[in-house]
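Asker: Please see the structure below; I have some questions.
The values are calculated or read from the model by the stated rules, or taken from the named source; none is laboratory data. Because the structure is predicted, anything quoted here is derived from the model rather than measured. Note: ideal-geometry Cβ built from the backbone for every residue, glycine included; neighbour counts use all protein chains shown.
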């Protein structure tokens, strides 16, 4: 295989979660602490792209450490009762890679327990390794640490891995390790994000089927 190891993001790459879970949770919490703030879904997607969710909360919205902790608990309570659906075609990509003996890993800004639940409830092949938001900040993407651990665990080289993500933290992590990166463009149509990804990434996949075709090229 050209890429024995596939390193997936979770939200808006494997499952359709921001539009139906994370964004509504964000708006609901804002009503309690910043009722004057207004963000469209596309604006929220872009803020997750740049400067990232912590930059949005701390620098733009000015949330205190206590409010950040409250937001985290609010978000987790919201996520706990809602299971997102995988994008059509993702299950087949995952199963084909597993059947061929490939490694499936996840590096996400969701919690590990949530990721495992989403895979289990949707009947997806469970990843070999998961690195989520439960890690300390210095071990979350965009830091290289989780991808380095994946490569070390399975004795792989950077060129053996393909990182698949819809946002810049995954791109930055892949670049820090020298791994290839495929942008997942199927969750949103934000021009600034698409322009950056098309210009800078190794592969741009507007549709899930584009990723499937990319992974079949080495057959």
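Asker: Within the range 208-216, is there a residue that is out of contact with any strand residue (DSSP E or B) (no Cβ under 9 Å at 6 or more places or on another chain), surrounded by 16 or more Cβ atoms within 10 Å (Cβ to Cβ) and touching a residue at least 40 places away in the same chain (Cβ under 8 Å)?
Answerer: no
Asker: I would also like to ask the following. Might you let me know whether the range 71-88 holds any residue that is surrounded by fewer than 16 Cβ atoms within 10 Å (Cβ to Cβ), under 18 Å from residue 167 (Cα atoms), without any contact (Cβ under 8 Å) to a residue 40 or more places away in the chain and not assigned by TED's automatic domain parsing to the domain that holds residue 161?
Answerer: No, the conditions are met nowhere in the range 71-88.
Asker: Identify, please: which residue in the range 149-198 is assigned to a helix (DSSP H, G or I) and touching a strand residue (DSSP E or B) at 6+ places or on another chain (Cβ under 6 Å) and is, among those, surrounded by the fewest Cβ atoms within 10 Å (Cβ to Cβ)? Quick ask: steps written out before the conclusion?
Answerer: Restricting attention to the range 149-198, the residues satisfying the condition of being assigned to a helix (DSSP H, G or I) are 149-153, 158-160, 168-177, 191-198.
Retained after the next criterion (residues that are touching a strand residue (DSSP E or B) at 6+ places or on another chain (Cβ under 6 Å)): 150, 160, 170-171, 174, 197-198.
Numbers: 150: 23, 160: 18, 170: 27, 171: 23, 174: 27, 197: 25, 198: 13.
Top of the filtered list is 198.
Asker: Would you pick out the residues in the range 115-126 that are in contact with a helix residue (DSSP H, G or I) (Cβ under 7 Å, 6 or more places away or on another chain) and in contact (Cβ under 8 Å) with a residue 40 or more places away in the chain?
Answerer: Of everything in the range 115-126, just one residue is in contact with a helix residue (DSSP H, G or I) (Cβ under 7 Å, 6 or more places away or on another chain) and in contact (Cβ under 8 Å) with a residue 40 or more places away in the chain, namely 124.
Asker: Right, another one. Being farther than 24 Å from residue 53 by Cα and outside any loop (DSSP other than H, G, I, E, B) is the filter here, so list the residues in the range 113-148 that pass it. Give the steps one after another, and end with the answer.
Answerer: Start the filter on the range 113-148 by keeping residues that are farther than 24 Å from residue 53 by Cα, which leaves 120-128.
Selection gives 120, 121.
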